[in-house]
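Please treat every number below as a calculation from the coordinates, not as lab data. Keep in mind that this is a model prediction, so the values were computed, not measured. Ideal geometry is used to build each Cβ from the backbone, glycine not excepted, and the neighbour counts take in all protein chains shown.
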Protein chains: 2
Amino acid sequence: MNTISPRPVDAVIAAAREFLGERLSTAQAVREQHGRGEDQTPPTLPDAVAFAETTEEVSRLLALCHHHGVPVTPFGAGTSLEGHVNPVRQGITLDLSRMTAIREVNPEDMDCLIEPGVTRHQLNDFLRDQGLFFPVDPGSHCTIGGMCATRASGTNAVRYGTIRENVLGLEVVLADGRVIETGSRARKAANGYDLTRLMIGSEGTLGVITRIRLRLHGIPEAMSAAVCQFPDLKSAVETVIATSQSGIPVARIELLDADMMEACVRFSKLEGYKPVTTLFLEFHGSHAAVAEQAAAVEAIAADYGGEGFAWATDAEERNRLWKARHDAYWAGLALKPGWRALTTDVCVPISRLAEALVGAKEEAEALGHTTCIVGHVGDGNFHQMVLFDPDDPEGLERAWEMDRRIVARGLALGGTCSGEHGVGLGKREFLEQEHGAEALAVMRGIKNSLDPKGILNPGKMFRN
Amino acid sequence: MNTISPRPVDAVIAAAREFLGERLSTAQAVREQHGRGEDQTPPTLPDAVAFAETTEEVSRLLALCHHHGVPVTPFGAGTSLEGHVNPVRQGITLDLSRMTAIREVNPEDMDCLIEPGVTRHQLNDFLRDQGLFFPVDPGSHCTIGGMCATRASGTNAVRYGTIRENVLGLEVVLADGRVIETGSRARKAANGYDLTRLMIGSEGTLGVITRIRLRLHGIPEAMSAAVCQFPDLKSAVETVIATSQSGIPVARIELLDADMMEACVRFSKLEGYKPVTTLFLEFHGSHAAVAEQAAAVEAIAADYGGEGFAWATDAEERNRLWKARHDAYWAGLALKPGWRALTTDVCVPISRLAEALVGAKEEAEALGHTTCIVGHVGDGNFHQMVLFDPDDPEGLERAWEMDRRIVARGLALGGTCSGEHGVGLGKREFLEQEHGAEALAVMRGIKNSLDPKGILNPGKMFRN
């Protein structure tokens, strides 16, 4: 006889079809939709895509994959910028985007219990008439499960913290299908190892998140947005540092460099603004508090040469400004029609931020790159878009090289290789450099303890 | 020949004396000082106490203990309330209280790097003239290393977070003497497993913390304290919930039940206050913001029957009120001269807080206990002092039984067995009940991965 022994993944597919039916797909189009996120990594196709709808299905699927040693790659909205969702060793992609139930909202406790496929837009639409909101805002249409997995943050982490500070607990399916609950409904706890925080940022390598208990916040009585323009990067950063030291609780403080501002003025028709380094700010609080905060920042900005400080409590004008900020990526791309961009993600101590920004910008110019910068500068985090011509055979590699230089500079300044996008495939080489071999060995030990067969999102975070 | 083979700990003592000299003590008095914390657990004496002064000494000592399989119990100021520092399997107690260097303060980044023996009082005295402060305030004269190890919080976690939210990174010596650094100087990061948060709250069972990088905060322009008295527990809790929902950023909101308030009025001579349920509050911000916040809370309190809302920006009056609050433990003890107290530590969802408090109080009264309550109620955390007569042979056991009932009620209401004091010896039986066997197995797996010989603070957190 000359039979070909079946692949382990085929055994998983056959068994999973028993309980998932048509929600276990091997269709080429579906597999292609799950080949990568929104990054520039080369796509890989999974053998099949499973659309789970319940914790029990996730548990059964993982137990099967564990038994057969088949890789599992969790997938939310596919907005990763670092290759998290690429099934680099094929196997099963576990799509959680249909797990969208909002199971509880507790207004008195200001918490809620949701499934991982809920997006932040869906949640905030649902919460609005209860006077509550979920503040973490990475900009993209990501799922909150994906935000937990990658330790996401965004524009208003400076006031409300990152996802890490806004999760009370999780339900997690372990590699072998066992289900645990981490945390509790209590606002704080000193009750054993912090498995919640261990799972947050573990990028699908330690377990699959199936429920999330989030902290919520009251919608502030008043919000205002402000814009202020500066002669150079340094003066804008000095303004941020002084604002931070003074304790003014700004809700958002975003920097756009001159190139990015020029792109936004053009793309979003921001009449009246100059193509110079610019801060976008937002203030939350009572009407009086918002006015007081804006006046205080205006005075600080003036000390550093900030001009044209303009603030608006009008929702329409505020939304116009923030839409322009959120469209910055598209505005940047429009600088070079047909080109694409790599988006770097470095976070440094704020005292080194001006040095990081000016250095990265000068280096990029010297190497002939078109780049533009947006930054969540209250946290020292910035993204430098490096544009490249996809028709130039060396374009992408040159952009990667520039990315590596920006990260190396950030690390040398005491920063991290990723402020909020995560490690995935793109930052693996920097992880050891940042933490050292011993700390990485501890991480690997934890990985081996929780996923001894290495089936959960293999190839991510660690280089082997 | 009839020799007695030397004990492993003797080999450690002999070798450690080589580099610690007289800082490795086997004196009875020193060992007795390290037999337990400030709790009611039975003391155990270590074989020796090592007073380390450098990371290298900690590393060498742990490598020795690891080699010989000798238990190591880290010790800071010895203020544990849950038996964390009792060397229940003897061996070496590692006293870190001499590692008191403040190595860096970075005003622009509002961070600092300290050694673990620094107390919060020392740090705040050092920071004051730079306009900065470290907010986490558990009340006791604890070391910040101990606060990290036990995930401490205290009165103003409601505004500034617990120690967890205020640590950027750690230096940790692993069980075998290897040294790792966790986190980075960046304010946020998505850079691999969160080893910082894993170590925080691990109670000395995963590694010994030798350096701590803390987030600092600007001393607010203005602070005011307020007191408001209520007809019952429920109306005070309703006031807390409404305040929280309204987004008023109170810095502290502490509840004292009628018995505790009576004790404080007597002990701290708080003339003019009634022995009824009372909230102590503190507001931080600009002068205008503090006034606005106080007025807003006063209006909410009035809706729930709060009377005599009095607030003071005067530092002397503010300090007098907070000293009374911090002396509440002694005031409670003074209710029964010669008696001692167990202090429970439960945290529940705030919507269940009134139920938890009223239930625990009624149960205690029915069982004939004298108890009084203080609570960090903005977080749903409360401590019920259960007084007992040390001359009554059953007194302590009856108090423990009451403690267990209070915890069981807290768990049934969706809370945690420890809001801030930790697990140690006292809460081990509840840890499995709270998290379930599978989550506890994950914790044990992590413990085994980092400390395969089980030398680090054995007998704590887990029951075997």
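Quick notes on this structure:
- Distant-in-sequence amide contacts of residue A:422, defined by a placed amide H-H separation under 5 Å and a gap of 5 or more residues or a different chain, comprise B:190.
- Annotation for residue A:464, label-to-label distances across the other copies: 3.4 nm (shortest first, one decimal, point 7 Å from Cα along Cα→Cβ).
- Estimated FRET transfer efficiency (residue A:129, residue A:4; beta-carbon r; R0 41 Å; 0.05): 0.10
- Here the gap between residue B:287 and residue B:334, fully extended at 0.36 nm per residue and compared with their Cα-Cα distance, gives a gain of 13.1 nm.
- Rounded to the nearest whole Hz, the Karplus-based 3J(HN,Hα) values (6.51 cos²θ - 1.76 cosθ + 1.60, θ = phi - 60°) of the range B:15-29 follow the sequence 6, 5, 4, 4, 10, 9, x, 6, 7, 10, 10, 10, 5, 4, 5, with x at glycine and proline.
- Inter-chain neighbour count for A:446-459: the average number of beta-carbon atoms from partner chains within 10 Å of each residue's beta-carbon is 2.
- Each Lys or Arg adds one and each Asp or Glu takes one away; over the other residues whose Cβ falls under 11 Å from the Cβ of residue A:460, this sums to +3.
- Calculated label separations, residue B:124, copies of the chain, 7 Å along the beta-carbon direction, nm: 3.6
- Full extension of the chain segment joining residue B:235 with residue B:363 gains 44.1 nm, where the gain is 0.36 nm per residue of separation less the Cα-Cα distance.
- Pairs with C-alpha atoms separated by more than 19 Å, drawn from the list B:427/B:460; A:234/A:269; A:447/B:447, are A:234/A:269.
- Residue B:401 versus residue A:102: modelled label distance in nm, points set 7 Å from Cα along the beta carbon direction: 4.8 nm
- Over the protein assembly as shown, equivalent-ellipsoid semi-axes from the Cα gyration tensor in Å: 43, 36, 28
- Around residue A:291: net Lys/Arg minus Asp/Glu count, Cβ-Cβ under 13 Å: -4
- Order of B:428, A:36, A:320 - criterion: other Cβ atoms within 10 Å of each residue's Cβ, fewest first: A:320, B:428, A:36
- Modelled spin-label separation between residue B:392 and residue B:303, with each label point placed 7 Å from Cα along the Cα-to-Cβ direction: 4.3 nm.
- Inter-chain shielding of A:281-291 (mean C-beta neighbours from other protein chains, 10 Å cut-off): 3
- Options B:291, A:37, B:52, ranked by Cα towards positive dipole end of the protein assembly as shown, top entry (Cβ charges): B:52
- Efficiency of FRET from Cβ geometry, residue B:429 and residue B:18, R₀ 35 Å, rounded to 0.05: 0.25
- For residue B:53, the distances from its label point to the matching points in the remaining copies are 6.9 nm, ordered from shortest, with each point set 7 Å beyond Cα toward Cβ.
- Shape of the range A:336-412, Cα gyration tensor, a/c cut at 1.5: prolate
- B:339, B:330 arranged by Cβ crowding within 10 Å, fewest neighbours leading: B:330, B:339
- Note on residue A:412 and residue A:444: the extension gain reaches 9.1 nm, defined as 0.36 nm multiplied by sequence separation minus the Cα-Cα distance.
- The alpha-carbon of residue B:453 sits under 15 angstrom from the alpha-carbons of these aspartates and glutamates, leaving out residues fewer than 8 places away in its chain: B:176.
- Neighbourhood net charge (12 Å Cβ-Cβ; Lys/Arg +1, Asp/Glu -1) for residue A:276: -4
- For the range B:422-429, 3J(HN,Hα) computed residue by residue from phi via the Karplus equation (6.51, -1.76, 1.60; θ = phi - 60°) reads x, 8, x, 8, x, 10, 4, 5 Hz, glycine and proline entered as x.
- 10 Å Cβ neighbours from other chains, averaged over peptide B:412-424: 4
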